[in-house]
Amino acid sequence: MSQATDAATLEKILAGAASAARPAAAATPAERARWLAAAADALDAAAEELIALAHQETHLPATPRLAGELKRTTFQLRLFGEVLEDGEYLGATVDHADPEWPMGPRPDIRRVKTAIGPVLVFAASNFPFAFSVAGGDTASALAAGCPVVLKAHPGHPELSALTGRIVREALLGAGAPEGVFDVIFGQEEGVTALKDPRIAAASFTGSIPGGRALFDIANARPRPIPFYGELGSVNPVVVTEAAIAARGEAVAKGYAGSFTLGAGQFCTKPGLLFLPEDHGLTETLRSALAGAAAQPMLNDRIAEGYAAKLAALREAPGVEVVSSSESAAPAFTPTLLATTGKQFLEGGAAVHEECFGPASLIVTYTDQAELLSLLDVLEPGLTATIHGEESEVDWIRPLLPALSRIAGRLLWNDWPTGVTVSWAQHHGGPYPATTAPTTTSVGTAAIERFLRPIAWQGFPDALLPEPLQEANPWQLPRRTDGSR
């Protein structure tokens, strides 16, 4: 078990990150792309050892889960290299001086984004590779030119230490500045780092209480900093009568597979299923869950929290058990519950809030009007899903504003578990899904969290950053005098 980082080492790491900030920001996009590729190559080379250690510490299956997750991790490192090569992320914009500008004579003004500074990343428990030491937050921050101080999650400390060494050595070997990346351990040490004036931004994936506490600390600093927290989500799924008539069995099986995937320990797990009152899927759902094996939770703390939340949910007025079997910490079988729309509206937090683990709640609705009233009381989250038929688009269309209000990603005839890494992806949403609803933690746009714009007015060409020089030496896409 890795020990908490001692005060002297923590100070050395923070000072190193501050020292690395200027050279990291000044590195060309091509140089930073090489850093990321080197880290990806090193992780791929150590895959066998890393996966075995991850399995030992998290109880997650080595294949396909952990092997696939490591592949995702190295893929996103390389994808951010493509973002750097593309160059659009810098938002380079040139307005030449214009004496005829309608607002009065316009000076020469040029705008470009630059690295925000050292970033503190809090690793997640449920994705020991993809949202941990070398995960998306680390990849996007390094791509932006920001040194990273990674606060390891206590659920997989030895894996974090090993991954950290591999990444750090690979980055330095590829020419990155000393101090550009390091790992720290310990809850109080993470808070100390968050309060340190040398940290310019922070990111977090985890629980609502933990994330909110850190968010408040970041905002209470003498000089507040951006805090990008992903906290919690119930991810509602709406199923229409036509979808049930056309493919009810497939919908039931897909839902069962989605909410039980990984023991329900995904931030995108569908926690609420809205079905028409006479849906007729109860036996199909029971059959889909019959014989499901108990799955171990990531750690004892998560197991205890799930057991307590599930007990409260089962005891809520009007909630009935659809499917369940005997199980106890640290491994649980799936639990499916049900209630009516009326009881859901009256049930409050016990039925409205996320239950992190292999449980989900069916809520029946009588008609479109009641469904809309149910959606109106939901807390915002990461996703919202509709299973419907194109023949009923007029019935579905009024639901879209309500679903758009509460989610950052809308799905049609799909399941929210499984968040691909791509250019168009958005993984975020209004609070409590995230603390910054205008940003994403997955996909290429994640780099924008760790950049800030600077406008340069009237400068001679020789003093401008390369992306803004008249000759555009990096040949980046940019907007000039309003035209692309």
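The values are calculated or read from the model by the stated rules, or taken from the named source; none is laboratory data. Because the structure is a prediction, the values reported are computed rather than measured. FYI the Cβ positions are ideal-geometry reconstructions off the backbone, even for glycines, and counts take in every protein chain you see. Accessible surface areas use protein heavy atoms only, side chains included; no ligands, DNA or RNA. Shrake-Rupley method; radii C 1.70, N 1.55, O 1.52, S 1.80 Å.
Observations
- Estimated at 0.36 nm per residue, the fully extended path between Ala328 and Lys253 surpasses their Cα-Cα distance by 24.6 nm.
- For Ala308, the shell of other residues with beta-carbons less than 15 Å away shows a net charge of -2, using +1 for Lys and Arg and -1 for Asp and Glu.
- Leading residue at positive end of dipole, the chain (Cβ point charges), from Leu66, Gly179, Phe204: Gly179
- Surface analysis of the range 141-247 yields an accessible area of 35 Å² per residue, using protein heavy atoms and a 1.4 Å probe.
- The chain - mean residue ellipticity at 222 nm from DSSP helices (-39,500 (n - 2.57) per run, n ≥ 4, rounded to 500): -12000 deg cm²/dmol
- Within-15-Å neighbourhood charge of Glu354 [Cβ basis; K, R +1; D, E -1]: 0
- Heavy-atom surface analysis with a 1.4 Å probe gives the chain a carbon and sulfur content of 55 percent of its accessible area.
- Lysine pairs within the chain, Cα separation less than 27 Å, 8 or more sequence positions apart or different chains: 14
- Using alpha-carbon coordinates, inclination of helix 47-58 to the longest axis of the chain, degrees: 50 degrees
- Given +1 at the Cβ of Lys and Arg, -1 at the Cβ of Asp and Glu and no other charges, the dipole of the chain around its Cα centre is 940 debye to the nearest 20.
- Sequence-distant residues sharing a close amide H with Arg106 (under 5 Å, placed H): Asp98, Glu100, Trp101
- The residue among Ser287, Ala161, Trp456 whose Cα reaches farthest toward the positive pole of the charge dipole of the chain, with charges on the beta-carbon of Lys, Arg, Asp and Glu, is Trp456.
- Structure-derived Kirkwood radius over Cα pairs in Å - corresponding label in [x] 27.1; [y] 23.3; [z] 24.0: [z]
- The angle between the Cα long axis of helix 29-45 and the main principal axis of the chain comes to about 50°, on a 0 to 90 degree scale.
- By DSSP, the beta bridges lying fully in the chain are antiparallel in about 35 percent of cases.
- Counting only alpha carbon atoms, the long axis of helix 300-314 and the longest principal axis of the chain meet at about 40°.
- For the range 285-292, 3J(HN,Hα) computed residue by residue from phi via the Karplus equation (6.51, -1.76, 1.60; θ = phi - 60°) reads 5, 4, 5, 5, 9, 4, x, 4 Hz, glycine and proline entered as x.
- Surface exposure of the range 336-484, expressed per residue as accessible area with a 1.4 Å probe, stands at 45 Å².
- Each of Leu90, Ser19, Ile116 was scored by the projection of its Cα onto the charge dipole of the range 8-137, and the greatest displacement toward the positive side belongs to Ser19; charges sit on the C-beta of Lys, Arg, Asp and Glu.
- Spherically averaged projected area of the range 210-347 from its Cα convex hull (nm²): 10.3 nm²
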